[in-house]
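K.L.:
The structure is given below, and queries will be raised subsequently.
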Amino acid sequence: MSLFPRCDSSPHWAALHNHFQHTGAAFDVRQAFAAEPDRFQRWSLQAPEVFADLSKNRIDAKTLELLLGLAKDVQLEAQREALFNGDPINHTEGRAVLHTALRAPAGQAPFSDEVQASLDRMLAFADSVRDQAISGITDVVHIGIGGSDLGPAMVVQALQAYVPATLKLHFVSNVDGHDLAPVLRGLNPATTQFVVASKTFTTQETLANAQAAKAWFLQQGGTDIARHFAATTSNAKAAAEFGITTTFAFWDWVGGRYSLWSVIGLPIAIAVGAENFKALLAGAHAMDQHFRIAPLATNLPVLLGLLDVWYRNFHGFTSRSVAPYHQGLRRLPAYLQQLEMESNGKGVDRDGQPLGYGTSPVVWGEAGTNGQHAYFQMLHQGTDVIPVEFIAVKTPQFGAHVSGELLTRLQDQHTKLLANCLAQSQALMQGKTAEAAVAESAPTASKDLAPDVLARHRSFPGNRPSTTLMLEALTPASLGALIALYEHRVFVSGAVWNINSFDQWGVELGKALCNSLLPRLTSGDLTGLDASTAGLLTRLKR
Ligand code: F6P
């Protein structure tokens, strides 16, 4: 039996339904601003490195009071302590979940000695590769997938301002050879470092790419595999069998999608250096402390997680869009998809009982302003309400090569970027009435349509909720805090839903079926296959 109650057994769950029926459903953010002159101050919060404006959400004091009551009923604080203490909260795999221990200062979390020793060894290796005068390495090819790719790839892209221009980091994840082949083009084995990242060291895609990379290395006359290939894994034995002797190990209590803080962060450390990697950890730790200590009502991961529950289970919103207004964060939505949807895309509670309520929303998005010219139309005028999360970065960092007129121009572009970010959340909230649309001139509109018909096409419902997160600059520390914020927010909604946010059995079936189909793609054997799969396989073989 789960130690913690289900949300739907909480009296506050019923009270929230009642509150939603009576006032929540009709809540209008515009009216809330009119009634609450200090709404921005009331609903914004400075957490470590991250400022959050929640004021454009469909939330009021009563909603928050009930959500906090729900958090108490499900014993959120006790669940949080179980996380930090290293209790085996990933109970279907009998594991603790201790990514927070990876970023805690020495002596302040479980397994501290092992963690510090592993970190020191990984950082020393990273700096030895980064020292190009000695290593001669110009290119690092990182091979991994899922949690062994998305975090490092996203962070390295975000922190480009900290990467030497002479060092190129490449990330290969897909079993599709079109991922590896273009990366290898033009590389020199003597100046290339490969890192094979796989927690289990059994993942088909990663092993196939690693074998192919090794074949390329030897074919190109590469020597000294021991020097040019390293592995980051919790299965050092399998890495050794593969032929990799430089191995950085980690533990089963680090989940794949929570592993960028471990040796899986090796490409990050090579890219930005040991001190910046430590700053990334420190930023995350600051957010850990905030999450662990701040009262629930002023605790940013708690507020965001509870807001997610409010939207998912009471408003019935099934998706959330993330719009980072920083090109360096363009892979953040993909990273968050794994973090949130692999963690909370579950259909049974901790006791294996079916849930009568929704869990993970679909998380998706694109960097602003690009998304504005693609799907924002639907956010503004579509039939679904999709809460949007804007991420703004106040100060740009273009790199030392940007100066003079170019710098002036790019700074001006940054101002335009920020104006776009503010304008989108404003437009989603304000909307535009048909009367306002009629009153406006619309030079490109058809003259053949009646003004009121045209106005209906050109009006916006408004009252579309959004949150804005703001960073002073995109630094290792602020990025660490931002990622930790998301990790804990996912923990909060998962804790309310009484699910195991730390397993991922849902990806196993496809893997098993792939293994059984693979030989059939050569043999053509259709025995026992369903008609669709048999038909598709036959076409592929023809
Ligand atoms: O997609 C399933 C999964 O197990 C993820 O959870 C994990 O991040 C990814 O595969 C890669 O696994 P590994 O690091 O063991 O290669």
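K.L.:
What is the calculated FRET efficiency for residue 381 to residue 34, with r their C-beta to C-beta distance and R₀ = 30 Å, to the nearest 0.05? Walk me through the numbers before you get to the answer.
P.N.:
Numbers: r = 24 Å, r/R0 = 0.79.
Here the calculated transfer efficiency is 0.80.
K.L.:
I've got another one for you. Mind running the shape call on the stretch 33-131? Use the C-alpha gyration tensor, a ≥ b ≥ c as the square roots of the eigenvalues: rounded below 1.5 for a/c, prolate if a/b tops b/c, oblate otherwise.
P.N.:
Working: a/c = 3.81, a/b = 1.71, b/c = 2.22.
Taking the square roots of the gyration eigenvalues as a ≥ b ≥ c, the stretch 33-131 is oblate.
K.L.:
With θ set to phi - 60° and the Karplus curve 6.51 cos²θ - 1.76 cosθ + 1.60, what are the ³J(HN,Hα) couplings of the stretch 275-289 in order, to the nearest whole Hz, using x for Gly and Pro?
P.N.:
The phi angles translate into 5, 5, 5, 5, 5, 4, 4, 5, x, 5, 5, 4, 5, 4, 5 Hz.
K.L.:
Tell me, what ³J(HN,Hα) does each residue in the stretch 387-401 have, in order and in whole Hz, if you take phi through Karplus 6.51 cos²θ - 1.76 cosθ + 1.60 with θ = phi - 60° and put x for Gly and Pro?
P.N.:
After applying 6.51 cos²θ - 1.76 cosθ + 1.60, I find x, 10, 10, 8, 10, 10, 10, 5, 10, x, 9, 8, x, 5, 6 Hz.
K.L.:
Looking at the chain, identify the longest residue range that excludes and avoids all GluC sites (Glu not before Pro) in DSSP loops having at most 16 other Cβ atoms within 10 Å. If you can, show how the numbers build up before the last one.
P.N.:
On the way: sites that count: 93, 440.
The longest uninterrupted stretch comes out as 94-439.
K.L.:
Using a 1.4 Å probe on the protein heavy atoms, what percent of the accessible area of the stretch 71-152 belongs to carbon and sulfur?
P.N.:
Values: 1670 of 3170 Å².
Exposed carbon and sulfur together represent 53 percent of the surface.
K.L.:
Are there trypsin sites (Lys or Arg not before Pro) in the stretch 340-408 that DSSP marks as loop and that have at most 13 other Cβ atoms within 10 Å, and which are they?
P.N.:
On the way: sites: 346, 350, 394; in loops: 346, 350.
Those that pass, being in a loop and sparsely packed, number zero.
K.L.:
How would you classify the stretch 377-476 from its alpha-carbon gyration tensor, with a ≥ b ≥ c the square roots of the eigenvalues: rounded for a/c under 1.5, else prolate if a/b is greater than b/c, otherwise oblate? Mind dumping the intermediate values first?
P.N.:
Numbers: a/c = 4.01, a/b = 1.91, b/c = 2.10.
The shape class here is oblate.
K.L.:
Which net charge results when you count Lys and Arg as +1 and Asp and Glu as -1 among the other residues whose beta-carbon is under 11 Å from that of residue 33?
P.N.:
On the way: positive: 30, 39, 42, 56; negative: 28, 36, 38.
Its environment carries a net charge of +1.
K.L.:
For a quick check: with amide H placed at 1.01 Å from N, whose amide H comes under 5 Å from residue 368's, ignoring anything fewer than 5 positions away on the same chain?
P.N.:
Distant-sequence amide H within range of residue 368: 325, 326.
K.L.:
Separate question: At 25 °C and 0.890 mPa s, grab the translational diffusion coefficient of the stretch 107-181 from Stokes-Einstein with a Kirkwood Rh over Cα pairs, rounded to a whole number in µm² per second. Can you show the working numbers first?
P.N.:
Details: Rh = 14.4 Å.
Estimated diffusion coefficient is 170 µm²/s.
K.L.:
Sticking with this structure for a sec: Considering the Cα trace of the stretch 412-542, what is its radius of gyration and what is Dmax, both in angstroms?
P.N.:
26.6, 69
K.L.:
Another one. Short version: what are the Cα gyration tensor semi-axes of the stretch 157-249, square root of 5 times each eigenvalue, largest first, in whole Å? Walk me through the intermediate numbers first.
P.N.:
Numbers: eigenvalues 82, 53, 42 Å².
Equivalent-ellipsoid dimensions as semi-axes: 20, 16, 15 Å.
K.L.:
Between residue 133 and residue 410, what is the spin-label point distance in nm, taking each point 7 Å from the Cα along the Cα→C-beta axis?
P.N.:
The modelled label-to-label distance comes out at 2.7 nm.
K.L.:
Which one, 477, 518, 504, is farthest towards the positive end of the dipole of the stretch 470-542 when Lys and Arg carry +1 and Asp and Glu -1 on their Cβ?
P.N.:
The one lying farthest along the dipole's positive direction is 518.
K.L.:
Nearest 20 debye, what's the magnitude of the dipole of the chain about its Cα centre given +1 on Lys and Arg Cβ and -1 on Asp and Glu Cβ? Numbers along the way, then the final one.
P.N.:
Numbers: 42 positive and 48 negative charges, 175 e Å.
Magnitude of the dipole: close to 840 debye.
K.L.:
Describe numerically, in nm with one decimal, the distance between label points set 7 Å from Cα along Cα→Cβ at residue 440 and at residue 453.
P.N.:
For residue 440 paired with residue 453, the spin-label model returns 2.0 nm.
K.L.:
Using modelled amide H (1.01 Å from N, peptide plane; none on Pro or chain starts), what sits under 5 Å from the amide H of residue 57, excluding residues fewer than 5 places away?
P.N.:
For residue 57, the qualifying residues are 466.
K.L.:
Provide the percentage of antiparallel DSSP beta bridges, counting only those with both residues in the stretch 317-443; round to the nearest 5. Don't skip to the end; give the middle numbers.
P.N.:
Details: 1 of 10 bridges.
Once the DSSP bridges in the stretch 317-443 are tallied, antiparallel ones form about 10 percent.
K.L.:
Tell me the net charge near residue 287. Cut-off is 11 Å between Cβ atoms, residue 287 excluded, with +1 for each Lys or Arg and -1 for each Asp or Glu.
P.N.:
Value of the local net charge: 0.
K.L.:
Quick one: putting +1 on the C-beta of Lys and Arg, -1 on the C-beta of Asp and Glu, what dipole do you get for the stretch 385-455 around its Cα centre, in Debye to the nearest 20?
P.N.:
Values: 5 positive and 7 negative charges, 53 e Å.
That gives a dipole near 260 debye.
K.L.:
Another question, then. Excluding residue 498 itself, calculate the net charge of residues whose Cβ lies under 10 Å from the Cβ of residue 498, where each Lys or Arg counts +1 and each Asp or Glu counts -1. Present the calculation step by step, with values, prior to reporting the outcome.
P.N.:
Working: positive: 6, 346, 350; negative: 8, 349, 351.
Overall, the nearby charge balance is 0.
K.L.:
Report ³J(HN,Hα) in whole Hz for each residue of the stretch 161-176, in order, from the Karplus equation J = 6.51 cos²θ - 1.76 cosθ + 1.60 where θ = phi - 60°; Gly and Pro get x.
P.N.:
4, 9, 9, x, 5, 7, 10, 10, 9, 10, 10, 10, 10, 6, 5, 4
K.L.:
Here's another thing I want to ask about it. Need one number: the % of Cα-Cα pairs in the chain sitting beyond the 32 Å mark. Spell out each step's value before the answer.
P.N.:
Values: 73150 of 146611 pairs.
Here the long-distance tail beyond 32 Å is 50 percent of all Cα pairs in the chain.
K.L.:
Return the subset of 214/237; 168/416; 56/394; 278/346; 416/447 for which the Cα-Cα distance in this structure is over 22 Å, preserving the input order.
P.N.:
Over 22 Å apart, Cα to Cα: 168/416; 278/346; 416/447.
K.L.:
Ok, one more. How big is the antiparallel share of DSSP beta bridges in the chain, given as a percent to the nearest 5? Before the final figure, lay out the partial values.
P.N.:
Values: 10 of 44 bridges.
Antiparallel bridges make up about 25 percent of those DSSP assigns within the chain.
K.L.:
What distance in nm separates the simple spin-label points at residue 534 and residue 401, each placed 7 Å from Cα in the Cβ direction?
P.N.:
Label-label distance for residue 534 and residue 401, simple model: 5.8 nm.
K.L.:
Further question: How large a share of the accessible area of the stretch 403-532, in percent, is made up of carbon and sulfur atoms when the probe is 1.4 Å and the other protein chains stay in place? Walk me through the numbers before you get to the answer.
P.N.:
Details: 4080 of 6640 Å².
Taking all protein chains in place, the stretch 403-532 shows 61 percent carbon and sulfur surface.
K.L.:
Probe of 1.4 angstrom, ligands and nucleic acids ignored: what's the accessible area per residue over the stretch 330-398, in square angstrom?
P.N.:
Values: 2840 Å² over 69 residues.
Per residue, the stretch 330-398 has 41 Å² of solvent-accessible surface.
K.L.:
Have a look at 31, 69, 41 and report the one farthest towards the positive end of the charge dipole of the stretch 1-88, computed about the Cα centre with Cβ charges (Lys/Arg +1, Asp/Glu -1).
P.N.:
Projecting each Cα onto the dipole axis, the largest value belongs to 31.
K.L.:
Right, something else. Over the stretch 114-218, with the other protein chains present, what is the accessible area per residue in square angstrom, probe 1.4 angstrom? Let's see the in-between values first.
P.N.:
Details: 4100 Å² over 105 residues.
Value returned for the stretch 114-218: 39 Å² of accessible area per residue.
K.L.:
Can you tell me how the stretch 269-317 classifies by the Cα gyration tensor, rounded, prolate or oblate, using a/c under 1.5 as the rounded cut?
P.N.:
Oblate.
K.L.:
Helix-derived [θ] at 222 nm for the chain: sum -39500 (n - 2.57) over DSSP H runs of at least 4, divide by residue count, nearest 500?
P.N.:
That comes out to -14000 deg cm²/dmol.
K.L.:
Another one. Which of the listed residues, 317, 303, 369, is farthest toward the dipole's positive end in the stretch 240-393, when Lys, Arg count +1 and Asp, Glu count -1 at the beta-carbon?
P.N.:
369
K.L.:
With charges set only on the Cβ (+1 for Lys and Arg, -1 for Asp and Glu), what does the dipole of the stretch 470-542 come to about its Cα centre, in debye to the nearest 20? Each step should come with its number before you reach the end.
P.N.:
On the way: 6 positive and 6 negative charges, 96 e Å.
Around 460 debye, computed over the stretch 470-542.
K.L.:
Roughly to the nearest percent, how much of the accessible area of the stretch 249-394 is carbon and sulfur, given a 1.4 Å probe? Intermediate values should be presented prior to the final figure.
P.N.:
Values: 2300 of 4380 Å².
Reported share for carbon and sulfur atoms: 52 percent.
K.L.:
Please compute the per residue accessible area over the stretch 273-324 with all protein chains in place, 1.4 Å probe, rounded to a whole number of Å².
P.N.:
On a per-residue basis, the stretch 273-324 sits at 26 Å².
K.L.:
Rounded to whole Å, give me the distance from the Cα center of the stretch 47-93 to that of the stretch 479-511.
P.N.:
The two parts, judged by their Cα centres, are 13 Å apart.
K.L.:
Continuing with the same structure: For a quick check: with amide H placed at 1.01 Å from N, whose amide H comes under 5 Å from residue 349's, ignoring anything fewer than 5 positions away on the same chain?
P.N.:
For residue 349, the qualifying residues are 355.
The values are calculated or read from the model by the stated rules, or taken from the named source; none is laboratory data. In this text, all values refer to a predicted model and were calculated from it rather than measured experimentally. Please note: Cβ atoms are built from the backbone with ideal geometry, for glycine as well, and neighbour counts cover all protein chains shown. Ligands, DNA and RNA are excluded from the accessible area calculation, which covers all protein heavy atoms including side chains. Shrake-Rupley method; radii C 1.70, N 1.55, O 1.52, S 1.80 Å.
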